[in-house]
Structures are given as structure tokens and as C-alpha cells.
């Protein structure tokens, strides 16, 4: 298939795991193209309820009977699907076309004249949200696909033009983003992650270099000037592009003053200067190729969001976004769901949830939180996947060791079987062995009970990790 044009209106598409953020968004895009949509998920939710109101046929379990009933032409699944799924097995046994989520999203990207794909280990959702809002404020009408819900969209997608402009996240997990066509691509940063897919940071750098293969012949690449792993990936791109008969994409760099000079021999193209923080939120001037461009005042905390904002400004500018729209959109942007999201209060303490499950992301979020006025910080942390926790164990310990107090929930994984060789308790024990303050709890009820006994007014409860633990923020807020 070359694009959505090969899926005419009326074709029947079934999504295995339709309740997920990305899958539910793809289901809505499929509906917008006139496809008949069905799907299954073991965890009915507000998202699946909303899909049903839009006309999706929903099944609350995984069974071959669902496919027999729905009679799909195509079955879409995620790379994280567990072996032996009865729906996928039935589809293959009966020669029903199956495709991984990234392949389906890849078909969507090929339907658009202009595609902005935001890749990188950290910051994809925030940066994609920022790009989208700048373009909307500039008068564009993009279709947007996010990995989190955004209040402005009332969900994870914005249904704009069907063939003019798409803005989407591009994840490297299982090399998914190698399916995506881009006219403008960004790499926010490169870090060692998805250890179940990649054996080393060198392999991660290599796959990001391969990502450039799908950028159009005259396309653009936006990168952080000072990221050494990104630089390693960029050095490998010419050979990959030459194999296609393409020159290198036009490169636009972003960063703080002085960053990347050793790599590129110049200041970043979009450069932040005069950076000042108020209550943890950055205000800064942006220079474009040395000349004043605009002033930005962010409404979300953290130095990492200065970098996200610069990448977003660069991508939006290349797609016709204006500097006035950038200043306005970023001053109004309060974050996507699960990205330093204020959930409410518990015993007078502010509850903040963040997806920061990787040690590097945890460091950045903890730094951002430290600059927001409050008394004591109570961190609740849940690692994501057993393999990541095992391979990055030392990084987890060192990133969380400085915490005043950190409460661990057990490792969460919906795509791995528990090997029985690693636990969050191991991290807590090692932190305590090194003089830190960590506690492990066997249940979320136990965490709530412990917080009830220690939290005071004007403290901060910072809940870090996947949606499984972030849901505790809503629970605590309801108890206020």
C-alpha cells in the first residue's frame, strides 16, 4: 500500500488495543477518512467510551469471535502486543491483512503533501504539541497525532486537512519511525532507551541516522546543536542519503548560546539567549541566525522545555508558522496530559504527574520541580518495563538518590513477562544503602496510606512514571 488512497471509504479496520493513546488517535483519523472502525481492549475507559459515541464497534476483551463478528479487511496492532493474542492469530490464520501500528501511521504520512515528524528519546509529545499550537495560531489547519491528550484538542488528535499538513510524533521503539515519510523532521535528543530493542547507544544513534532516509529529497531536519549523540547520528546520514541519490536534508540547529560550536562551527540557528527563570518557568529571547526573532515566556517549568520550545519554533517556522504565533502559543501552553500536569491537591500539597519514567527524564523533571516554590517534595516513582529497569539500574539509582523522599511502586510492563530477577525494591534498597531515603510499597493503597501520614500543606507530591502510577494523582485529588 502506498497511502490511505489504497484504503477506500468503507474498508473495515480493526485495532487490537484500541484504548491506547496512539491507537485511539489512529482510530479517529481512520474514521475521518471514512473507514469503518472496530477494536478491542481489555481496559474500557473514557477513550473507548468516546470512540463508541463516534461509531466505533468496541469489544472489551480479546477474542477471535470479535473478528468473526466485525469481519475486518485489515487488523492493526502495536509492536508491544503479547505473543499468542487470539485476534492477531485468527487474522493470520485466515489471511486477513495485518499491520503494525507504525505501518498504518506510515500510510497516513504518505497521504500528506507536508509532514512534520518529531522524533527523539525525550520531549516528543511536548514538542509536537507546541509545533501544532504554533501552526494553528498561524492560521494553518494541520492534522495532528499525539502520544498524549491535549486539552486544546479534547484528546490526542486534531482532525484538520486530510492531505495538506500532518504533525506527528515519531517513536524509535522497534524502529517504528522508519515507516514514516517526512518533509520536515526533528530529533529532540538521543539517549539510550528501549533496551529491549537496542543493545547499545551506538545502535540507537544508527537507527536515528536511518530515520533521515525517509525525509524527502529537499526536506529539512531540525536538531539540537549540542547533543553529541545526535551529532554521531548526523555524521552517518550522508552515506544513507547518498544510497537513495539524495543530498543531505537542510539542517537547522537549535540550542543555547555557545552550544554545538565544536560540531557545526557556528552558533545555533535558533538560539536562546538571556534565559531567566521565574517560579521555574523560563523566559528568553530567540535569535535566528544571530538576529532578534522573538521573546518567549513559557508557562511550563524546566530548562528542558527551553530546548523543546526551540525545536518547535524551528519546525513551525519551516512550515510557515509566524514568530508572533510562536510567542502567543507558547505563553498559553500549559502542557500535554502527563507532562508536569497539576492534578489538584492532597492535604494541601500540590499533586503533579509526569511521564518521566527514564532516568534522564526523571532528572530533568526533578530539576524543574525544584525551581517551583513549595516545601518538601514527595516523589512517587514507578519504572516502566523490566528490561529497562535492569539495564539502566545504576542510572535509576543515581537519578533518584538526591530525592528528599521517594516511594516506589512495583515495575509496570504491559509488553514483557516478569522475569523475576528485578524489582523496584532493588532500586529502593540500593538508594538507602548509599544514604538516600527510599521506600518500597507492595500496593498503591499502601502508598496512599503512607502519603496520608507524612504530607503537609504546601508540599509537592511528584508522581513519575507510566499511566498506571499517574492515575494515583487523580485518586489523591479526589480525596482532598
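Things to note:
- Leading residue by the ranking (nearest to residue 179 (Cα to Cα)) among those in segment 1-50 that are modelled with pLDDT under 90 and in a helix (DSSP H, G or I): 4
Table: residues versus (1) modelled with pLDDT of 95 or more; (2) assigned by TED's automatic domain parsing to the domain that holds residue 280; (3) more than 17 Å from residue 447 (Cα to Cα); (4) buried (at least 18 other Cβ atoms within 10 Å of the Cβ).
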residue	(1), (2), (3), (4)
325	yes, yes, yes, yes
349	yes, no, no, yes
356	yes, no, yes, yes
360	yes, no, yes, yes
366	yes, no, yes, yes
369	yes, no, yes, yes
379	yes, no, no, yes
385	yes, no, yes, yes
388	yes, no, yes, yes
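- The listed residues are 309, 299, 272, and the only one of them that is touching a helix residue (DSSP H, G or I) at 6+ places or on another chain (Cβ under 9 Å) and touching a residue at least 60 places away in the same chain (Cβ under 8 Å) turns out to be 309.
- Check on residue 433, closer than 25 Å to residue 368 by Cα and either modelled with pLDDT of 95 or more or not assigned by TED's automatic domain parsing to the domain that holds residue 79 (or both): no
- Whenever a residue of segment 155-166 is outside the structural domain of residue 125 (by TED's automatic domain parsing) and under 17 Å from residue 137 (Cα atoms), it has no partner that is part of a strand (DSSP E or B) and modelled with pLDDT of 95 or more lying with C-beta atoms less than 8 angstrom away and at least six residues away or across chains.
- Any chance residue 238 is in contact (Cβ under 8 Å) with a residue 40 or more places away in the chain and over 30 Å from residue 338 (Cα atoms): no
- Every test in (1) under 23 Å from residue 126 (Cβ atoms); (2) over 15 Å from the mean Cα position of the chain (by Cα); (3) touching a residue at least 40 places away in the same chain (Cβ under 8 Å) is passed by residue 201 save one, and that test is (3).
- Lone unmet requirement of (1) surrounded by 15 or more Cβ atoms within 10 Å (Cβ to Cβ); (2) at pLDDT below 95; (3) out of contact with any helix residue (DSSP H, G or I) (no Cβ under 9 Å at 6 or more places or on another chain) for residue 287: (2)
- Flag if residue 471 is in contact (Cβ under 8 Å) with a residue 40 or more places away in the chain, out of contact with any strand residue (DSSP E or B) (no Cβ under 8 Å at 6 or more places or on another chain), surrounded by 13 or more Cβ atoms within 10 Å (Cβ to Cβ) and not in a loop (DSSP other than H, G, I, E, B): no
- With respect to the conditions (1) on the phi > 0 side of the Ramachandran plot; (2) at pLDDT 95 or above; (3) surrounded by fewer than 20 Cβ atoms within 10 Å (Cβ to Cβ), residue 123 lacks only one, and its number is (3).
- Residue in segment 244-256 that is more than 26 Å from residue 169 (Cα to Cα) and surrounded by fewer than 18 Cβ atoms within 10 Å (Cβ to Cβ) present: yes
- With respect to the conditions (1) part of a helix (DSSP H, G or I); (2) surrounded by fewer than 15 Cβ atoms within 10 Å (Cβ to Cβ); (3) touching a strand residue (DSSP E or B) at 6+ places or on another chain (Cβ under 9 Å), residue 456 lacks only one, and its number is (1).
- Taking the conditions (1) buried (at least 24 other Cβ atoms within 10 Å of the Cβ); (2) in a helix (DSSP H, G or I); (3) in contact (Cβ under 8 Å) with a residue 60 or more places away in the chain in turn, residue 146 satisfies each one other than (2).
The values are calculated or read from the model by the stated rules, or taken from the named source; none is laboratory data. Treat the numbers as computed from the prediction; the structure is a model and nothing was measured. Ideal geometry is used to build each Cβ from the backbone, glycine not excepted, and the neighbour counts take in all protein chains shown.
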